[in-house]
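Peer 1: Encoded as structure tokens, here's the structure I'll be asking about.
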Amino acid sequence: MKRIILLLIVPILLLSNNKIIMEKRKTIVTIFTEEAGKTKLVAGVKFGTNKLITCAHSFLNKHDNFAIIDTLVPDSIPKSIDKPKILAINYKKDIAIILVPGANWKNSSKLSKLKFTKDDLIYAIGSPIGKQGGLITVGKFIKENSWRLHSDVLIDHGNSGGAILDKNGDLIAISNKTIILKATRENLGTYATKISSIYKVME
Amino acid sequence: MSIYFKKLISLFLIVIIIPTQIFAKNNISHEIEIENTLHIFSGWEGKCVSGKKWDSSYMSDPMTIMSYAMMAYNSYTQVNGTSLADEYGAWSEGVSEGAAASGSTGQAMTNASSSSSSAFSNSNGDFLGITKMDIFIVRTAMVLAAPEESDYDLADRLMKGYLGQGDDTAAQAYNTCMASIGLSFPNMLGWSMDENSTSENLKAPYEHPLRMTTEQLASIATVFGEDYVIENYMYNTEDNILLNVIALNGHSYIKAGEVICAGIKVSKAMAHKNSKSNSASGGGKGMAIAMMAVSMICPVCGFVLKVVMDLYSNMLASINTCDNEQDAMEHSMLHYKTHKFLSHDQCHLADTYCDKESSWLGCVRKGYDYCCYDQVTTKIFAEGLKAQLNKNWDSCVDITVNDLKDISFRSCREGEIAHINKCFPMGKYDEFQKALFKQATKGISIEGLTEQVINSMAIDTDHKKKEK
């Protein structure tokens, strides 16, 4: 019964949130890296005036060759002399911070440290190219520890490094991994690094 | 004393408790797999063909040669005396009569077995017929046993190895297993020609019970149907570990042997491959019956008809793996994958060429090379980039990270050329923006969100249907 009520109410609530969440797609960029001759892509999230947060697993080391593209706000990545560089990287928490010299984001994310309950809906936004135009998926919070958030929001290839947003459209975590049960290939949800870890990584 | 006691406790912790904990943790981590979600931007080379099949490889296939030899020999003996078919028919009738005299086929076989081999008699009594309920119970556990791509590959290798082609360890193991139950290739060949020049197992399969699991027996039902298993097998449970299964004829003995030696999934893949090749070469059941009727009236005509039919189905029949899903599936995994991506507009045509050429008819089959991408937007993006970077379509993986650093998203104006003026081709720019908007709108639509909420709450499919 609870599910049926949720099914009726949630889409109405989501519709009112559509505009805010749709607008948040502009905070996502695509980051291309190279591995074994193949070009791979993940997502990145704008924050501050000229920084990006993304996942660490797309970079084998801090000096990897990479390119950033913003298809939704094409002029946001300046063609400056100083190329973007990785400011900080933490492989354990799977998070990296990139500095984009000369950038002045108008659509950067607002970080949120809100506490969640099990009924809170959260949104994931992926790479604009790989994930078909910043496809937005919706899920529910499951549990959290000091640095990681477990939710059942569906993510796929290209979502890594993308944003996990709360109902207000504020950035709460960065998508990392899908958890799969080996025996049945059942999807057990998604791990995302909480934004509270970002400050520690920056330190 | 207390120091020794403490040391003993420490040793106990180190040797017993800690490894157990580590083992337990490892066990948990083995059950869960973490997938890093990178996305591959690079495309892959897709292929499809359209035109006549023009495949002459069937002529060198040992099975085709064997079948032609048998048909030719049959036609010859039909014209010059008693045919093998008649002899086989007489043998079959003999068995049927014996069965009728004993009340039922099952009873006849049970009697024959108990008199000729003590292996059949056991404390539980005689062999029992199989009921639909028996199979139904076991089949419920067979849901996960559908063959995968690797099973089809292995089935291919085993079938070739069985015919003496290739030198594969798995095929050798399969051949040894088959030979151990009287199903070596020479025995099978002999059985198909004359029941006397084969193994004892195939001459009287009901005297040679096979040890099978219930799942193995049920897997035969999933391929050939429950009635086939009910009519062709009997069993008893002597030791509650495995079933003693007797096959009532040569064909069912062979099928059981394949399941035992190749495993459930691979034997299913083998059966699927066989049925596919039969339908491809024979034109289906209807054609097979028609051909049999012609062969009975005029064996030579039947043989000629078979040759003509094979020639038609392998050489002159049409094939279109680009548009036809069935053709693509039968051709190869690459063609099937290309067809699937083409149907979702995820491939760019890179090259057209003549795939098969006849000296008389010219080009009989055209080939198409594609560069295919995981997403529609990725394909449009790659098309725009290639134009701007002035790259041709010889390779699908030639866009590097360094190329991406200098590209421009400015839409080309009238008269501007993408690679000279460093702009995104006008048509492609619009197409890309439209695709992005379309997909994003699809992603955030009310129906999409409802679906996602349903998914995220893990409501089962039936429930979902009811809600709709």
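The values are calculated or read from the model by the stated rules, or taken from the named source; none is laboratory data. Source: prediction; values computed, not measured. Ideal geometry is used to build each Cβ from the backbone, glycine not excepted, and the neighbour counts take in all protein chains shown.
Peer 1: Could you tell me whether any residue of region A:40-52 is under 28 Å from residue B:433 (Cα atoms) and in contact with a helix residue (DSSP H, G or I) (Cβ under 7 Å, 6 or more places away or on another chain)?
Peer 2: Yes, because at least one residue in region A:40-52 is under 28 Å from residue B:433 (Cα atoms) and in contact with a helix residue (DSSP H, G or I) (Cβ under 7 Å, 6 or more places away or on another chain).
Peer 1: Here is a follow-up. Yes or no: residue B:265 in a helix (DSSP H, G or I), at pLDDT below 70, closer than 27 Å to residue B:175 by Cα and out of contact with any Ser or Thr (no Cβ under 7 Å at 6 or more places or on another chain)?
Peer 2: no
Peer 1: Name the residues in region A:89-110 that are surrounded by fewer than 18 Cβ atoms within 10 Å (Cβ to Cβ) and not in a loop (DSSP other than H, G, I, E, B), would you?
Peer 2: A:90, A:99
Peer 1: Please state which one of A:106, A:92, A:85 is under 30 Å from residue B:383 (Cβ atoms) and either out of contact with any Gly (no Cβ under 9 Å at 6 or more places or on another chain) or among the polar types (S, T, N, Q) (or both).
Peer 2: Exactly one of A:106, A:92, A:85 is under 30 Å from residue B:383 (Cβ atoms) and either out of contact with any Gly (no Cβ under 9 Å at 6 or more places or on another chain) or among the polar types (S, T, N, Q) (or both), namely A:106.
Peer 1: Additional query: Identify all residues within region B:125-172 that are at pLDDT 80 or above and among the aliphatic types (A, V, I, L, M); write none if there are none.
Peer 2: B:154, B:155, B:158, B:159, B:170, B:171
Peer 1: Out of all the residues in region A:133-142, is one or more under 13 Å from the mean Cα position of the chain (by Cα), closer than 20 Å to residue A:59 by Cβ and within 14 Å of chain B (Cβ to nearest Cβ)?
Peer 2: The answer is no; no qualifying residue exists.
Peer 1: Among the listed residues A:174, A:155, A:164, identify the single one that is closer than 24 Å to residue A:40 by Cβ, modelled with pLDDT under 85 and β-branched (Val, Ile, Thr).
Peer 2: On inspection, the qualifying residue turns out to be A:155.
Peer 1: Here is a further query. Looking only at region B:322-349, filter to residues that are surrounded by fewer than 20 Cβ atoms within 10 Å (Cβ to Cβ) and of a type in the set (A, V, I, L, M); which one of those is farthest from the chain's Cα centre (by Cα)?
Peer 2: B:349
Peer 1: For region A:18-72: of the residues being within 10 Å of another protein chain (Cβ to nearest Cβ) and among the aromatic types (Phe, Trp, Tyr), which is farthest from residue A:165 (Cα to Cα)?
Peer 2: Selected residue: A:66.
Peer 1: Just checking, does region B:201-211 include any residue being over 13 Å from residue B:252 (Cα atoms), among the hydroxyl-bearing types (Ser, Thr, Tyr) and part of a helix (DSSP H, G or I)?
Peer 2: no
Peer 1: Another question, if that's okay. Might you let me know whether region B:405-413 holds any residue that is within 16 Å of residue A:69 (Cα to Cα) and crowded, with 21+ Cβ neighbours inside 10 Å?
Peer 2: Taking every residue of region B:405-413 in turn, none turns out to be within 16 Å of residue A:69 (Cα to Cα) and crowded, with 21+ Cβ neighbours inside 10 Å.
Peer 1: I would also like to ask the following. Test each condition in (1) surrounded by 17 or more Cβ atoms within 10 Å (Cβ to Cβ); (2) outside any helix (DSSP H, G or I); (3) at pLDDT below 90 for residue A:11 and report the one that comes out false.
Peer 2: Going through (1) surrounded by 17 or more Cβ atoms within 10 Å (Cβ to Cβ); (2) outside any helix (DSSP H, G or I); (3) at pLDDT below 90 one by one, residue A:11 breaks only (2).
Peer 1: In region B:219-259, what residues are free of Cβ contacts under 8 Å to residues at least 60 places away in the same chain, touching a His at 6+ places or on another chain (Cβ under 8 Å) and either of a type in the set (Lys, Arg) or in a strand (DSSP E or B) (or both)?
Peer 2: Hits for region B:219-259: nothing passes.
Peer 1: Collect the residues in region B:306-320 that are part of a helix (DSSP H, G or I) and surrounded by fewer than 17 Cβ atoms within 10 Å (Cβ to Cβ), keeping them in residue-number order.
Peer 2: Result: B:307, B:308, B:311, B:312, B:316.
Every residue, every condition in (1) modelled with pLDDT of 85 or more; (2) within 38 Å of the chain's Cα centre (by Cα); (3) under 24 Å from residue A:131 (Cβ atoms), yes or no:
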{"residue": "B:385", "(1), (2), (3)": "yes, no, yes"}
{"residue": "B:389", "(1), (2), (3)": "yes, no, yes"}
{"residue": "B:416", "(1), (2), (3)": "yes, no, no"}
{"residue": "B:424", "(1), (2), (3)": "yes, no, yes"}
{"residue": "B:434", "(1), (2), (3)": "no, no, yes"}
{"residue": "B:442", "(1), (2), (3)": "no, yes, yes"}
{"residue": "B:451", "(1), (2), (3)": "no, yes, yes"}
{"residue": "B:454", "(1), (2), (3)": "no, yes, yes"}
{"residue": "B:458", "(1), (2), (3)": "no, yes, yes"}
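Peer 1: Next question, about the same structure. Is at least one residue of region B:24-43 more than 14 Å from chain A (Cβ to nearest Cβ), modelled with pLDDT under 60 and either exposed (fewer than 12 other Cβ atoms within 10 Å of the Cβ) or in contact with a Leu (Cβ under 6 Å, 6 or more places away or on another chain) (or both)?
Peer 2: Checked against the condition, which is being more than 14 Å from chain A (Cβ to nearest Cβ), modelled with pLDDT under 60 and either exposed (fewer than 12 other Cβ atoms within 10 Å of the Cβ) or in contact with a Leu (Cβ under 6 Å, 6 or more places away or on another chain) (or both), region B:24-43 yields at least one hit.
Peer 1: Answer yes if at least one residue in region A:69-82 is outside any strand (DSSP E or B), at pLDDT 90 or above and in contact with a strand residue (DSSP E or B) (Cβ under 7 Å, 6 or more places away or on another chain), and no otherwise.
Peer 2: Taking every residue of region A:69-82 in turn, none turns out to be outside any strand (DSSP E or B), at pLDDT 90 or above and in contact with a strand residue (DSSP E or B) (Cβ under 7 Å, 6 or more places away or on another chain).
Peer 1: Of the residues B:306, B:356, which is more than 14 Å from chain A (Cβ to nearest Cβ) and either at pLDDT 85 or above or at positive phi (or both)?
Peer 2: Only one candidate qualifies: B:356.
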